[in-house]
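Written out below as C-alpha cells is the structure these notes cover.
The values are calculated or read from the model by the stated rules, or taken from the named source; none is laboratory data. Given the structure is predicted, the values throughout are model-derived calculations rather than measurements. No Cβ is skipped: glycine too gets one built from the backbone with ideal geometry, and neighbour counts run over all protein chains shown. Keep in mind that these areas ignore ligands, DNA and RNA; they rest on the heavy atoms of the full protein, side chains included. Shrake-Rupley method; radii C 1.70, N 1.55, O 1.52, S 1.80 Å.
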Amino acid sequence: MKSLKLLLEHNTSSTIAVEFTPSKRIDSSYQSEAALEKEFVKTLQAQGYEYAQITDEKALESNLRTKLEELNSTTLSDTEWQRFFKQVLARANASIVEKSQLIQEDYIQPLERDNGSTINFKLIDKADIHKNSLQVINQFQATTETRSHRYDVTILVNGLPLVHIELKRRGVSLKEAFRQINRYGRESFFSGSGLFEFVQIFVISNGTQSKYYSNTTRDFHIKTQNGIKTSKTSNSFEFTSHFSDEKNTIINDLIDFAKSFFARHTLLNILCHYCVLDVDKKLLVLRPYQIAACEKILQKIAASYHNKFYEKANEQKSGGYIWHTTGSGKTLTSFKTAQLVSKIPEITKVLFVVDRKDLDYQTMREYDRFQKGAATGSKNTKELQARLHSKDKEHKIIITTIQKLSRFITQTKNSEIFDEHIVMIFDECHRSQFGQMQKDISKAFKKLYLFGFTGTPIFTQNAQDEIQTTQRVFGECL
C-alpha cells in the first residue's frame, strides 16, 4: 500500500466514480453480437488498451512471455522461459484455485536462471498498478480433441487472460451469457496450456444489461451441474454484481460499463486491491459500494494526516462514518478496509471495535474466514495491552471490545502507543455507549482516526436520534 502522501496525491483516481454520466446513445432495436463486440473493443482501445491480434495458443504464449519480460525488465533465455512456464504457469493438473492464488497471493515467483541464480519474477505489479500492461483480444479460438470454441472478448494483464467478457445481442437474457461461460469452463478453458483458467473476473452483457462476477461463481455452477456435492454458497447467478457509481446508480449499458468498470485504473484496482481469496478458496470481488466505502476511509485518513485534523478531535475532522446496511457485506468491507489501512507505513495499529464479547469472537471468526490470522484478538485487557505494544506485524490489526479498550485507557498512563497514528473502526457505531466512552478514547490517543460503520434504519425518530449521536461522535457520513 502507498504512503499517506501518495494516497493523498492519487485521490483524483478513485476506483468508483462519484457520479457517472451515461452516454447519450441511440438504443437501436437490433444490434448483432458482432457489432456489439466491435463497438466494445473500439471503446477499450480509446481508453488506452492495446489491441492484440491473438487468436491461438501459440500467439498467446509468445505474447505472455514478451509482456512478462517487459514487466520484469529482463530478457529470458528459451530454456529459462520454458522452465518457468511449465513449472509455474502451465503446471500440469494445477486447479483454478491454485491459479487464482498465483494472481491474488503468490504473484511474485522465484525464477531460476541458467547460471543457477534466482530472481523474483512478477506476474502482476500490485505496488504500482499502472506498470501492468492491458491488452484486449477477441475471437480467440480454443480447441480440444472434441470441441472448438471462439471466445468473444478477453482482457490480458501482462499477457495473462484475467478478465473475460461474453456478449449476447440485445434482448437475449444475461443468463444465456452466464451459461455460455459455464460451457466454456467445462469444455475448453483448460485447453492447450490452460491459460484461460487464470481468468479472475467474468463480465456478461447483452448491450443494455451488464454484470460481473468471480471465477468461483462459475466454478461452483460447473460442480453442481456435474453432480459434485458442494456446500450452499452465494456463488450463483443471483449473486453476480451490477456496477455503479457512488450514488448507487447502476451502470448497465455496455459502452458505459466499458468506460467505468473497464477504465484502466478501475479494473487494475479491482484486480489488485479489491479481491479477497478467502480460506475456503472462494474469490470474493467487492461490490462498488464496498470499494467506495474502503476508499472514502483511505482518502479521509490521507487528508487528515496531511492536515493534522487529528489535533482537532473535538471537531470530528479526522474520521467519519459509513452507512452500510446489515446483510450487505459490511464485515467484508471492514476487513478489506482494515487490511488496506494496515499496509500504510505511517499507521501503527488498526483496531476494529465491537460492543460485546460475543461479537468480538464472531468478528474474529469472520475475519479468519477471509484470511487466517489476518487479525488478532485479546482475551483480556492485559492481552490487549500486549497486542497494542507489540511490534509484530501479525498484531497490526486488533479486534477488541470497547470495554477492554476503555479499561486499557483507564489503567495505562504515558504509553508510547498514545502518540502513534492509530485507526479505529467501530462496528454498529450508532449505539450510545460508544458516545459515552469516545471522549476518553479521543483524549488518550493523540493521533486518532475514528471511523464507524452503522446499519441502522433512517426512517424512525429513534433512528434519527441514533444518527445524530453518530454524527456528534464520528463527524460526517463519508
Q | Whole-Hz couplings from phi, Karplus 6.51/-1.76/1.60, listed for region 171-177; x for Gly and Pro | A | x, 7, 4, 4, 4, 5, 5
Q: Could you run the Karplus curve 6.51 cos²θ - 1.76 cosθ + 1.60 with θ = phi - 60° over region 111-120 and give me ³J(HN,Hα) per residue in whole Hz, x for Gly and Pro?
A: 10, 7, 7, 5, 7, x, 6, 10, 10, 7
Q) Share of Cα-Cα pairs in region 26-151 beyond 17 Å, in percent? A) 69 percent
(Q) Quick check: with the 1.4 Å probe, what order do Asp114, Asp125 take by accessible area, largest first? (A) Asp114, Asp125
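Cβ neighbours within 10 Å, averaged per peptide: list 280-290, 61-71 in order, most packed at the top.
On the way: 280-290: 20.5, 61-71: 18.3.
Listed from highest to lowest mean packing, they are 280-290, 61-71.
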Q) Near the amide H of Lys281, under 5 Å away, which other amide H atoms are found, from residues 5 or more places off or on another chain, if H is placed in the peptide plane? A) none
Q. What ³J(HN,Hα) values, in whole Hz, does the Karplus curve 6.51 cos²θ - 1.76 cosθ + 1.60 give for region 186-194 when θ = phi - 60°, with x put for Gly and Pro?
A. 6, 10, 8, 4, 7, 5, x, 8, x
Q.
Per 0.36 nm of contour for each residue apart, how much would the distance between Lys38 and Asn307 grow if the chain were fully extended, relative to their Cα-Cα spacing?
A. 92.1 nm
